Amino acid sequence: MLKFVRWGLVALVGLMVLAFAVIYGGSEIIIRSKPETPMPTIVAASDPGAVARGAYIGRVSGCDGCHERNLQGGPWGGDFWQGSVYTANLTRVVPHYTDSQLARAIRSGVRADGTQLWAMPSETWTTMTDAEVADVIAWLRTHSPAGPDRPRETFGPLGRLNILLGRAKSTPAWVADAKAHPAVEVGPQFARGRHLAVTVCGECHNSDLKGREGGAPDLLIAASYDLPGFTKLLRTGVAMDGKEKGLMSEVSKANFSAFTEADIAALHAYLTARAEKQ
């Protein structure tokens, strides 16, 4: 009997080792893969208003939220089982990237060495115009190197299993999904608002603005706000019921409060028109 138990334990250990090898090896192939992504020909803008425009985009889009106001990044979360994510210290990364490489990283989620980024929401910015990207790069290049380098993301056992099963996706995979599921068009007069909704709201509410299961809702909810109420939400984080709404309120106070009145109006007009079309 002891002999059978011993052999059973040996077999069990062998299966566990095999499973680990399959999960680690398979996920590592995905992690190290280099997607074929065209290199855009974009040069940092140099006109007098470029840096200010880039800073505005960086603020409302949350660049200086994830990467901190000083753009030096830091730990973003995680644990042994899932892995750990750090936001990059952009002040130290940017000098090692060409303008074209930065543009590709922003809109496609690919590093200078061709490997895939993870947890970088490039799917939100894949429709960002060349001019906007050029402004953002101009703004990024005004920050002198400071602070510590941040490590790359790590992948724990469950994180690797989720990658292998397709439950966890790299940034380029999210970009491809966003391109396949665009937000609805409601006419050229709402183009600015649609663009803002996709490039600013899409990170939480998905590229098609239909929300995420168990997360942010479909932005049809925006139609329940009049313009003053919508403006108050974005400026203060206070909803029409007089209460704050978790992450939405945090992002509103930290980032959306920087929106111009014109952009708030354009965003509200598009979201209202979108709701009427549904």
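How large is ³J(HN,Hα), in whole Hz, for each residue of the range 186-195 in order, when computed from phi with the Karplus curve 6.51 cos²θ - 1.76 cosθ + 1.60 and θ = phi - 60°, using x for Gly and Pro?
10, x, x, 5, 10, 4, 4, x, 4, 4
Classify the chain as rounded, prolate or oblate, taking a ≥ b ≥ c as the square roots of the eigenvalues of its Cα gyration tensor: rounded when a/c is under 1.5, otherwise prolate if a/b is larger than b/c and oblate if not. Kindly include the intermediate steps, with their values, before the conclusion.
Working: a/c = 2.16, a/b = 1.56, b/c = 1.39.
It comes out prolate by the Cα gyration axes.
Rounded, prolate or oblate: pick one for the range 38-124, where a ≥ b ≥ c are the square roots of the eigenvalues of its C-alpha gyration tensor, a/c under 1.5 means rounded, and failing that, prolate if a/b is larger than b/c, else oblate. If you can, show how the numbers build up before the last one.
Details: a/c = 2.12, a/b = 1.40, b/c = 1.51.
Oblate is the answer for the range 38-124, as a/c is 1.5 or above yet b/c matches or exceeds a/b.
Which order do C201, C66 fall in if you start with the one that has the fewest other Cβ atoms within 10 Å?
On the way: C201 22, C66 19.
With the sparsest Cβ surroundings first, the list reads C66, C201.
Pick out which of Q72, Q82, Q116 has the largest mean-square fluctuation in a Gaussian network model of the chain, springs linking Cα atoms closer than 10 Å.
Q82
Using a Gaussian network model of the chain with C-alpha springs under 10 Å, which one of P145, P40, P188 is most mobile by mean-square fluctuation?
The residue with the greatest mean-square fluctuation here is P188.
So how much slack lies between I31 and L165, counting 0.36 nm per residue of separation and subtracting their Cα-Cα distance, in nm?
Answer, rounded to one decimal: 46.9 nm.
Mind sorting T236, T231 by how few other Cβ atoms lie within 10 Å of their own Cβ, fewest first? Present the calculation step by step, with values, prior to reporting the outcome.
Numbers: T236 14, T231 17.
Final ranking by Cβ density, sparse to dense: T236, T231.
Helix 99-108: angle to the longest alpha-carbon principal axis of the chain, degrees 0 to 90, nearest 10?
80
Roughly how tilted is helix 130-140, in degrees to the nearest 10 and between 0 and 90, from the longest Cα axis of the chain?
In the chain, helix 130-140 runs at an angle near 80 degrees to the longest axis.
Taking the Cα atoms only, what angle lies between the long axis of helix 261-277 and the longest principal axis of the chain, rounded to 10 degrees?
70
Could you tell me how far the Cα centroid of the range 61-103 sits from the Cα centroid of the range 118-151, in Å?
9
Size of the dipole of the chain about the Cα centre, Lys and Arg at +1 and Asp and Glu at -1 on the beta carbon, nothing else charged, in debye to 20? Show your work: numbers first, answer last.
On the way: 29 positive and 27 negative charges, 158 e Å.
So the magnitude is around 760 debye.
So how many Lys-Lys pairs in the chain land under 22 Å Cα to Cα, not counting same-chain pairs under 8 apart?
13
Provide the per-residue ³J(HN,Hα) series for the range 51-59, in order, calculated from phi with Karplus coefficients 6.51, -1.76, 1.60 and θ = phi - 60°, each as a whole number of Hz, with x at glycine and proline positions.
Those phi angles translate into 5, 5, 5, x, 5, 5, 4, x, 6 Hz.
All of the numbers you see were taken from the coordinates with simple rules; none came from a lab. Small disclaimer: the values here were computed from a predicted structure and weren't measured. A quick note on method: Cβ atoms are made from the backbone with ideal geometry, for glycine too, and the neighbour counts reach across all protein chains shown.
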